[in-house]
Amino acid sequence: MPDQKPISHNTLCLLLLLSIFANVGLVSSKSTIEPCSNSDSCNALLGYTLYTDLKVSEVASLFQVDPIAILTANAIDISYPDVENHILPSQLFVKIPIACSCVDGIRKSVSTKYKTRPSDTLSSIADSIYSGLVSADQIGEANSVTDPSVLDVGQTLVVPLPCTCFNGTDNALPAIYLSYVVRPVDTLTGIAARYLTTITDLMNVNAMGGTAIKAGDILAVPLPACASNFPRYSSDYGLIVPNGSYAITASHCVQCSCGPGNLKLYCMPASLAVSCSSMQCRNSNLMLGNVTVQQTGGGCNVTSCSYGGYVNGSIITSLSTYLQPRCPGGQQFPTLIDPPTSVVRESMFAPSPSPSSQSDGAGTTPKSSVVPTTTGSLPGFPPASSPIGSTSHACSLRKSLATSPFALVLLLFVKFLLSMSL
């Protein structure tokens, strides 16, 4: 039997390193999954980082959503001329409002379609264009792609995106959930601080056994919100607005805001309104959003004209009168920001802070004509800050290193080579 050629020490080290890197590369990112069993949908948010400079309308086209909805979800002033064609800078982090459905027993959004371009691959679409919100394997599975290296130019792909509903609550308070892709420098503590929640809450919502997170993980982050109580037959049933932002509804005729200072939804005529049904409350001269107050010996009489949903092309209003101990002050609105033109260094690597954390809680009336002042405010209950976690029905999925067949074969091969060298 011929002598076996000894394997050099450097070769063995190289093989061991390859084995380690193979294990690391085969670990898939963790994503929170919410099981479901009905056909209901909810409003949710995606945390999206622009891969290049894009117009607002181009970002909207990527997700098939209303450009104005993106602007209002991020409290960006929509009164600027031609704001839908404003160019947003690369690496800007924005929240994308989406409808979260129940598909194949889990919550996800399947309304996004992408038309392939030359040089596109499933990996580039997933990792770059959609900033890691979806994996190449998920896109391939959703579209029955047998050969991921062959994509026809102009091919339309369904892009399944992560989302959660959890009944629109967090610790029994209204909430909307943001699907957030973890960045290399993120920590659970930092994410909790930026979004005004606790580590415990994030761990409970995402069914985490520890605080460790890694780049590429997708977390469900609960954001305090103002919930509507519109009838089920209204087209905007289930509308929920994150604290510190706005939403446009009723065919761009009505604008609703949330906060600061309370979680009571406040709606009024939108500046974009062109041809809208009547917004005056019946048997009253009050218009939608108007509030009158009158101090009496027994307290303060408050009369308000509120929004009740959009039904068959008509704006539903309701007039209510009630007595409360003190008269409310003027309505406070979330602060609007100018359409972004650049990205500060910090926001390139960290999630956008909750809009409500940018003010002292008092709030100011925006300078824009988008939100005019009113004569009174509607009372509400205080916002949820630092919630204590409550157990959810989420589950986390992660491939184990030890269960990867390729990694096992490679390790056995290295052990065989080691035995041969002895």
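Calculate, for Asn301 and Ser39, the FRET efficiency according to 1/(1 + (r/R0)^6) with r their C-beta to C-beta distance and R0 35 Å; round to the nearest 0.05.
Efficiency, rounded to the nearest 0.05: 0.20.
Taking amide H atoms as placed 1.01 Å from N in the peptide plane, the amide H of Asn290 lies under 5 Å from those of Cys305, each 5 or more residues away in sequence or on another chain. Taking label positions 7 Å along the Cα-Cβ direction at both Ser271 and Val153, the computed distance is 4.2 nm, reported to one decimal. Restricted to Cα atoms, the range 228-324 shows a radius of gyration and a Dmax of 13.9, 43 angstrom. Under a 5 Å amide H cut-off, with hydrogens placed 1.01 Å from N, Thr169 pairs with Ala175 among residues at least 5 apart or on other chains.
How high is the FRET efficiency from Glu58 to Gln294, r the C-beta distance, R0 45 Å, rounded to 0.05? Before the final figure, lay out the partial values.
Working: r = 50 Å, r/R0 = 1.12.
So, using R0 = 45 Å, E works out to roughly 0.35.
For a label point 7 Å from the Cα of Ser119 along Cα→C-beta, name the residues of the range 36-68 whose backbone N is under 16 Å from it. So the set is 51-53.
Once you have the Cα-Cα distance between Ser320 and Ala136, take 0.36 nm times their residue separation minus that, and quote the gain in nm to one decimal.
Working: separation 184, 0.36 × 184 = 66.24 nm, distance 5.23 nm.
That pair, Ser320 and Ala136, stretches by 61.0 nm at full extension.
Each peptide among 243-251, 178-186, 154-162 gets the average number of other Cβ atoms lying within 10 Å of its residues, and from highest to lowest they stand as 243-251, 178-186, 154-162.
Net length available on complete extension from Ser278 to Arg232 is 14.4 nm, with 0.36 nm assigned per residue and the Cα-Cα distance removed.
Please tell me the relative contact order of the range 228-324 in percent, rounded to the nearest whole number, where contacts are Cα pairs under 8 Å and at least six residues apart.
Taking the mean separation of contacting Cα pairs over the length of the range 228-324, I get 23 percent.
FYI, it's all coordinate maths here, none of it is from the lab. This one's a predicted model, so the numbers in the text were calculated from it and none came from an experiment. Note that each Cβ is placed from the backbone with ideal geometry, even for glycine, and that neighbours are counted across all protein chains shown.
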